[in-house]
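Trainee: My questions all concern the structure below.
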């Protein structure tokens, strides 16, 4: 479990340190202050030898995972001020003060790579007589991830350009990391939820989910996995003549279902949730946070979530105040002299801010 997390030259962050971290961490801040970027950095860091995670993050931003050279140029968005001459460094300190570091760079083209470049294209049909001619300089051909593990061993993975102009990735496969799951505001996959529910039902843990969903739907008596048009869908018994597909019970119950299933399936891993309050009414937020705390402890998982909601912040504080342990931290990102800093609130700070009705978002 991470106890501190540091970013350098990643997206909008020149340097940011988040500490101390707890089992459940809630992140707030104004628009365009880097909340989602922070979740993306954590996602890349917990899967440090797989360069595909970078392409996946770009896909979530609407930058499609393509195959042509221009996609290397699209990696500029990961670097502070879009300067690919900089080196991204992501590091974290875990339990027992164990430190891990991931560096991401775009090295310049080396002379030894010239033979791998595409052959000269003599087809002039693509040029139009009324267009200007432009010189083309492509000094970059690959993206490198260098991961230094707790034993100081460096493991390198790459995304690189083949001679035919297609992108390939190589990854370091000898180390397996705990599962990480990133839930965005648009995450809606009944099939994925069904698979995760099946994993719990296989070991007799399906009632954990049922008890949590009753916070939003007290009539819920049982859950069942049924096939609809050959696809598995979770259905619920709410006392009607037939079972009802959970996606039809409302956005809130679907959102909570995805969150709890993700936590329960990521034993010892990390859950990232963007805008956690989406679809959830403020009146149930305290109970939702109690359920998240309970699920995270049972799975020994760590949770990072973002929010724009003052109600969500206070609900989380109240939920952990009345739980068995206050293993929660609230972090607010703010701009200070053109830099983004993190202000961390502990239990006492949150209680004071709540009592004085201070702005914390």
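Bear in mind these aren't lab numbers, they're just calculated from the coordinates by the rules spelled out. The structure displayed is predicted, hence computed values, not measured ones. When we count neighbours, we look across all protein chains shown, and the Cβ atoms used for this are built from the backbone with ideal geometry, even at glycine.
Trainee: Enter the angle in degrees (range 0 to 90, nearest 10) between the Cα long axis of helix 310-321 and the first principal axis of the Cα atoms of the chain, meaning the one along which they spread out most.
Mentor: 60 degrees
Trainee: Something else: If you count, for each residue, the other Cβ atoms within 10 Å and average over each peptide, how do 97-108, 283-294 line up from highest to lowest?
Mentor: Working: 97-108: 16.9, 283-294: 20.4.
The most tightly packed comes first, giving 283-294, 97-108.
Trainee: Still on this model: Helix 190-202 versus the longest principal axis of the chain: what angle, 0 to 90°, nearest 10, using Cα atoms?
Mentor: Around 60 degrees separate the two axes.
Trainee: Does region 266-310 classify as rounded, prolate or oblate by the C-alpha gyration tensor (a ≥ b ≥ c root eigenvalues; a/c under 1.5 gives rounded; else a/b over b/c gives prolate, otherwise oblate)?
Mentor: On the way: a/c = 3.10, a/b = 1.59, b/c = 1.95.
Oblate.
Trainee: Express the Stokes-Einstein translational diffusion coefficient of the chain in µm² s⁻¹, to the nearest whole number, given a Kirkwood radius over alpha-carbon pairs, 20 °C and a viscosity of 1.002 mPa s.
Mentor: In µm²/s, the coefficient rounds to 95.
Trainee: Now for a different question. Please report the spacing between the Cα centers of region 1-20 and region 175-197 in Å, no decimals.
Mentor: 24 Å
Trainee: Now for a separate question. Give the peptides 254-260, 266-272 in descending order of average Cβ contacts within 10 Å, highest first.
Mentor: On the way: 254-260: 23.9, 266-272: 19.4.
Averaged packing, sorted descending, gives the order 254-260, 266-272.
Trainee: Moving to a separate point now. What FRET efficiency, computed as 1/(1 + (r/R0)^6) with R0 = 25 Å and r the Cβ-Cβ distance, is obtained for residue 185 and residue 248, rounded to the nearest 0.05?
Mentor: 0.80
Trainee: Quick one: if the Förster radius is 51 Å, what FRET efficiency do residue 176 and residue 241 give, using the C-beta to C-beta distance and rounding to 0.05?
Mentor: On the way: r = 47 Å, r/R0 = 0.92.
E between residue 176 and residue 241, to the nearest 0.05, is 0.60.
Trainee: If you project the alpha carbons of region 180-355 onto the principal axes, what extent comes out on each, in Å, largest first?
Mentor: Per principal axis, max minus min of the Cα coordinates gives 57, 30, 27 Å.
Trainee: For the chain, take the longest principal axis of its alpha carbons; what is the angle in degrees between that and the long axis of helix 285-299, to the nearest 10 within 0 to 90?
Mentor: 70 degrees
Trainee: Using DSSP, restrict attention to beta bridges with both residues in the chain and report what percent are antiparallel, rounded to the nearest 5. Spell out each step's value before the answer.
Mentor: Details: 51 of 69 bridges.
About 75 percent, rounded to the nearest 5.
Trainee: May I ask you to derive the relative contact order of the chain, considering only C-alpha pairs under 8 Å and at least 6 residues apart, and to give it as an integer percent? Could the numbers behind the result be given before it?
Mentor: On the way: 657 pairs, mean separation 79.4, N = 361.
Normalised by residue count, the contact order of the chain is 22 percent.
Trainee: Using 7 Å Cα-to-Cβ label points, what is the residue 224/residue 322 separation (nm, one decimal)?
Mentor: A separation of 3.4 nm, rounded to one decimal place.
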